[in-house]
Ligand code: ARG
């Protein structure tokens, strides 16, 4: 039976139920590699300060590497009585290297140790997530390029508004994911701060060189205030907040795929391999992947709320409540990563029904704004043109026709500015290709946007 590392002050043994209740090993065991990396750097720092000998530091390092091998190989024993990953590793180290293991925790507390571990974890995780975002963006740009001539109705209020290129629509998501990646990249600055040496809360009386530890672990900065370093979790909250925004973007994309695959829209066919059927209705093909991405966004938003709530009333510095942060952090990171991964795989396999999308873009008076713009080019003030076209639409609706299906004579009843050229002017293609301003949906502008995106992605 293991003796508690903090057992000296206690007369009674910890109740089993308390051990189970307070243990975090099931959650924090995944930090083991970071914990060991941190301990190796710490033992070198202790040696540099003359607190332990170089030989002792080598013994500790060798022992820690051995522990890592055991955990890697799944031969390591876990036990609730040992509370968390930090104590597990230290107690196994003691079995492997003997009394020298007792020196490792000099000038350190689990409070600065756990802060270090999650920062190391997040540094890697953020890098992986940025990579996953880039992969999704690459898939998006490839799909956009492949369908650069496909047109669909653009919507506002989920009502058909104006025709756009499918590529333009997809590139809107490309932009959102670019900003997500930028935000992740930026938060690395605040993650990349080395907390070790803050000890329990007040710093340590041992003369350790914190900059040296930071250097060993590849940190740019050391934390400036020991209480802040062990007490705050804003870098995690920031991460989960950015993850939430990313999930919100993924969820909107998923929502579009869900409605586009419905019989009512019928714009896309989802790949069989990424859909499932119904246990009762044989005809069903459900967009489950997109639905689950949409659903899981709620989980990540929940992680953010839970984390903010967890922290909001905690007095400085460390409080045990903060142990709960890791389950939330891992859930947010895992959920986002899985959703980015599957979205990147799903996207290229979607079949876009171009003629259906095109037909939808030709119906529903999507050229009304362009007719008003036409009247403006003929000298009519825009408000007057808007009113005039409104009347034309009302007339066309009463005849059960589209604007382009009215005769020139019918159109001229509303304004004698209208000439025969109007019919070309109002075709979907011309409407799209007139929107040449930067950021517009003209084929030329979209092709240029694709090129810019490709160039940017090549650099990542
Ligand atoms: N398992 C703890 C956590 O995740 C580690 C820090 C414990 N510190 C303490 N003073 N009990 O927060």
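The values are calculated or read from the model by the stated rules, or taken from the named source; none is laboratory data. What you see is a predicted model; the values in this text were computed from it and never measured. Neighbour counts are summed over all protein chains in view; Cβ atoms, including those assigned to glycine, are modelled from backbone coordinates with ideal geometry.
Points worth noting:
- Inside region 100-111, residues that are within 11 Å of the ligand (Cβ to nearest atom) and either over 10 Å from residue 196 (Cβ atoms) or under 27 Å from the mean Cα position of the chain (by Cα) (or both) make up a count of 2.
- All conditions but one from (1) surrounded by 15 or more Cβ atoms within 10 Å (Cβ to Cβ); (2) more than 45 Å from the chain's Cα centre (by Cα) apply to residue 407; the one that does not is (1).
- Residue within region 280-294 that is within 26 Å of the chain's Cα centre (by Cα), assigned to a loop (DSSP other than H, G, I, E, B), under 30 Å from residue 154 (Cβ atoms) and in contact (Cβ under 8 Å) with a residue 12 or more places away in the chain present: yes
- Selection from region 1-19 of residues that are within 14 Å of the ligand (Cβ to nearest atom) and either modelled with pLDDT of 95 or more or within 40 Å of the chain's Cα centre (by Cα) (or both): 4, 5, 6, 18, 19
- Inclusion of residue 64 among residues that are more than 26 Å from residue 327 (Cα to Cα) and surrounded by 20 or more Cβ atoms within 10 Å (Cβ to Cβ) is not warranted.
- Restricting region 211-227 to residues that are part of a helix (DSSP H, G or I) and without any contact (Cβ under 8 Å) to a residue 24 or more places away in the chain, the residue that is surrounded by the most Cβ atoms within 10 Å (Cβ to Cβ) is 214.
- Elements of type helices (runs of 4 or more DSSP H) contained in region 310-413, each with 2 or more residues being more than 16 Å from the ligand (Cβ to nearest atom) and over 23 Å from residue 152 (Cα atoms): 325-346, 368-377, 382-399, 408-412
- Cβ-Cβ contacts under 7 Å between residues 6 or more apart (or on different chains), taken from a first residue in region 308-332 that is free of Cβ contacts under 8 Å to residues at least 12 places away in the same chain and closer than 16 Å to residue 85 by Cβ to a second residue that is near the ligand (Cβ under 10 Å from one of its atoms) and part of a helix (DSSP H, G or I), are absent.
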